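Handing you a structure now.
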Amino acid sequence: MGKMIRGTTRIVAIIGSPVAQVKSPENFNAAFAESGADVAMIAMDVKPEAVADFLSLARRWNNLDGFVVTIPHKQAVAAGVDIVSERAALLGAANVVRREPDGTLKGDMVDGLGFVAAARANGFDPVGKRALIVGGGGAGSAISHALCEAGAAGLVISDIDTARAQRLVGQLARSFPATDVAIGTGVDAGLDLVVNATPLGMRAGDPLPVIEELLGKLPRSALVADVVTSPEITPYLQAAQARGLRIQTGSQMAKAQLGLLGAFMGVMGAVS
């Protein structure tokens, strides 16, 4: 039998549209049940035009401790909350909000931190390393930012939307002058890490996010990572495994992020 929600239960939410596919409620609620916390997560399908109304309600929702934000609301929430972290302001996106007892809403973006935490758990330290990030959207920009914060020596950004890639490279170059940031394919960059931050691999028949030749050039110590969570082992990760390379799944990133999201909302102990 599942945990009962009572009048005393503190609530956290996940907002997006659609939300039927999100795994956060079952993952968070399992963690709350295990710890015995009287907290529950609910999924809320909120249309884009209703986000401002939702934020207005959230400020006055006294037993709400915070909420996680998924597609397509990360930008609107960053713009609409009361306070955002420097990281969320730079990225123009927030994926978690904490509600203070006085109703103040504070937003942060921990997608990239979850990625780096998972990489460290996989024995990969970003300090001094060179990485290729395929995809400069929400996930790619957050991961790029977190890798720069963690001391990466160089980043190559690859995106079919050249203007988006140029914007991201410009932002990162201004914020992290110590990291060499460029646009390119990374084929001759001497890479230690290759990240797919696009949806490629979710559907059967998708092309690989990088050319096979690139995987063949990676050293055995390299890490090949994906943000796609289903299938867990994408064709891209399969190709890396076939070459004896270390891989990181989207699910590992999501799991590392769970604790970061919970800690930010104040409903889980701080994650080491």
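At 0.36 nm per residue, minus the direct Cα-Cα distance, what do M202 and I42 gain on full extension? Give it in nm, one decimal, please.
So the extension gain works out to 55.1 nm.
Using a Gaussian network model of the chain whose springs link C-alpha atoms within less than 10 Å, name the residue from L215, L155, L113 with the highest mean-square fluctuation.
Judging by the Gaussian network model, the answer is L215.
While we're on this one: For n ≥ 4 DSSP H runs only, could you compute -39500 (n - 2.57) per run for the chain, divide by its residues and tell me the 222 nm figure to the nearest 500?
Value at 222 nm, helices only: -11000 deg cm²/dmol.
Under a straight-distance cross-link criterion of Cα-Cα below 20 Å, which aspartates and glutamates are reachable from K255, leaving out those fewer than 8 residues away in the same chain?
Filter leaves E26, E34, D108, D111, D125, D226, E232.
Same structure, new question: With r defined as the distance between the Cβ atoms of R243 and D180 and R0 fixed at 30 Å, what FRET efficiency is calculated, to the nearest 0.05?
That pair, R243 with D180, gives E of 0.70.
Restricting to the chain, compute how many DSSP beta bridges are antiparallel as a %, nearest 5.
15 percent
How large is the convex hull of the C-alpha atoms of segment 112-253 per residue, in Å³?
That works out to 91 Å³ per residue.
So, with +1 on the Cβ of K and R and -1 on the Cβ of D and E, and no other charges, what is the size of the charge dipole of segment 10-109 about its Cα centre, to the nearest 20 debye?
120 debye
Rank-order 5-13, 25-33 by packing density, defined as the average count of other C-beta atoms within 10 Å over each peptide's residues, highest first.
The packing order, highest mean first, is 25-33, 5-13.
Just to be sure I understand the model, the point goes 7 Å from the Cα along the line to the Cβ. What's the resulting E100 to D53 distance in nm?
The modelled label-to-label distance comes out at 2.8 nm.
Taking R0 as 22 Å, what's the FRET efficiency between T162 and D188 from their Cβ-Cβ distance, rounded to 0.05?
After rounding, the FRET efficiency stands at 0.70.
Another question, then. What does DSSP give for segment 10-109 in terms of the percent of beta bridges that are antiparallel, rounded to the nearest 5?
DSSP beta bridges in segment 10-109 are roughly 35 percent antiparallel.
Going by a ≥ b ≥ c, the root eigenvalues of the Cα gyration tensor, does segment 10-109 fall in the rounded group (a/c under 1.5), the prolate group (a/b larger than b/c) or the oblate group?
Taking the square roots of the gyration eigenvalues as a ≥ b ≥ c, segment 10-109 is prolate.
Shape call for segment 36-168 from the C-alpha gyration tensor, a ≥ b ≥ c root eigenvalues: rounded (a/c under 1.5), prolate (a/b greater than b/c) or oblate?
Verdict is prolate for segment 36-168.
What trypsin sites (Lys or Arg not before Pro) in segment 139-247 are in a loop by DSSP, with at most 15 other Cβ atoms within 10 Å of the Cβ?
Here the trypsin sites (Lys or Arg not before Pro) that fit, given the DSSP loop and packing criteria, are R203, R220, R243.
Which whole-Hz ³J(HN,Hα) couplings does segment 69-81 yield from phi under the Karplus relation 6.51 cos²θ - 1.76 cosθ + 1.60, θ = phi - 60°, glycine and proline marked x?
Working through the residues one at a time gives 10, 10, 4, x, 9, 4, 6, 4, 5, 4, 6, x, 7 Hz.
Under 1.5 on a/c is rounded, so check that first for the chain, then, if it is not, pick prolate when a/b is larger than b/c and oblate when it is not; a ≥ b ≥ c are the square roots of the alpha carbon gyration tensor eigenvalues.
Taking the square roots of the gyration eigenvalues as a ≥ b ≥ c, the chain is prolate.
Taking the Cα centre of the chain as the origin, how large is its charge dipole in debye, to the nearest 20, when only Lys and Arg (+1) and Asp and Glu (-1) carry charge on their Cβ atoms?
240 debye
Send over the Kirkwood Rh of segment 178-272, from the inverse of the averaged 1/r over different Cα pairs, rounded to one decimal Å.
Hydrodynamic radius (Kirkwood, Cα only) of segment 178-272 equals 14.8 Å.
A short reminder: the numbers here are calculations on the coordinates, not readings from a lab. Here the structure is a predicted model, which means the values were calculated and not measured. With ideal geometry, Cβ positions are generated from the backbone for all residues, glycine too; neighbour counts draw on all protein chains shown.
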